[in-house]
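The values are calculated or read from the model by the stated rules, or taken from the named source; none is laboratory data. Worth saying up front: this structure is predicted, and the values here are computed from it rather than measured. Cβ atoms come from the backbone with ideal geometry, glycine included; neighbour counts cover every protein chain shown. What goes into the accessible areas is simple: the full protein's heavy atoms, side chains included, and nothing from ligands, DNA or RNA. Shrake-Rupley method; radii C 1.70, N 1.55, O 1.52, S 1.80 Å.
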Amino acid sequence: MQIYLNALQELSREEIHQYFQEMKPAIQKDFNENVVERYREHRKNGDYTMLVSGAYTPFLHEVTSEFQFDQIIGTDVPFNNEIVDSSRAIYHIQGDRKTEKILSCLANEDVDWSKSYAYGDSYSDLPVLQSVGNPVAVRPDAKLEAVALEKKWEIIR
């Protein structure tokens, strides 16, 4: 992610917004319709929904602007005077960091983890998937698919 940040160096916050806005249609074409439908069911049921990803936070906000997540957690882009500052190290949200951020955001909430859902596509999502009662592997990489099959988790292709 730090290398990708170098490509955005010296762009303003507004230019970052425009760049991610231009990417939006191409990204949205790849959304898994089964997962989008699940999202809609969760919202209809009044479930608390979070989007947690290692992608840049402004990117996540832009490409999911038609959705209403209660919380979006991503990798923050460092700015200095409203300009991307690629000299600053980023805190990439991945693996155990996802779980840490989720727990931090929900620290004051009464969460029934056994009834909670998590959706993940890579082995690095394992800590989050293992923390809920309803883990779902979505187009999983080979390592996650092996775990999902072994544990008899739901798999969405």
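Of the GluC sites (Glu not before Pro) in segment 103-157, the ones in a loop by DSSP (not H, G, I, E or B) with at most 14 other beta carbons within 10 Å are E109. Ordering of 72-78, 99-105 by packing is 72-78, 99-105, highest average first (other Cβ atoms within 10 Å, averaged per residue). For segment 81-157 versus segment 24-68, the spacing of their alpha-carbon centroids is 14 Å. Near I156, the amide H atoms lying under 5 Å from its own belong to A137, V138, R139; only residues 5 or more places off or on other chains count, and H is placed 1.01 Å from N. In terms of distances greater than 25 angstrom between alpha carbons, the cross-link table entries K98/K143; K24/K152; K98/K152 yield K24/K152. A dipole drawn for segment 1-82 from +1 and -1 charges on Cβ atoms has a positive end, and of A55, Q2, F67 the residue lying farthest that way is F67.
Ordered by solvent-accessible area of protein heavy atoms (1.4 Å probe), largest first, the residues R139, R97, R88 come out as R139, R88, R97.
Couplings for segment 16-28, taken from phi via the Karplus curve 6.51 cos²θ - 1.76 cosθ + 1.60 with θ = phi - 60°, read 4, 4, 4, 4, 5, 5, 5, 6, 3, x, 5, 5, 5 Hz in order; Gly and Pro are left as x.
Highest mean packing comes first when the peptides 38-49, 110-121, 55-66 are listed by Cβ atoms within 10 Å, giving 55-66, 110-121, 38-49.
Accessible surface for V147 stands near 20 Å², nearest 10, in the context of the full protein assembly shown (1.4 Å probe).
Modelled label positions at E66 and Q130, each set 7 Å beyond Cα in the direction of Cβ, lie 3.6 nm from each other.
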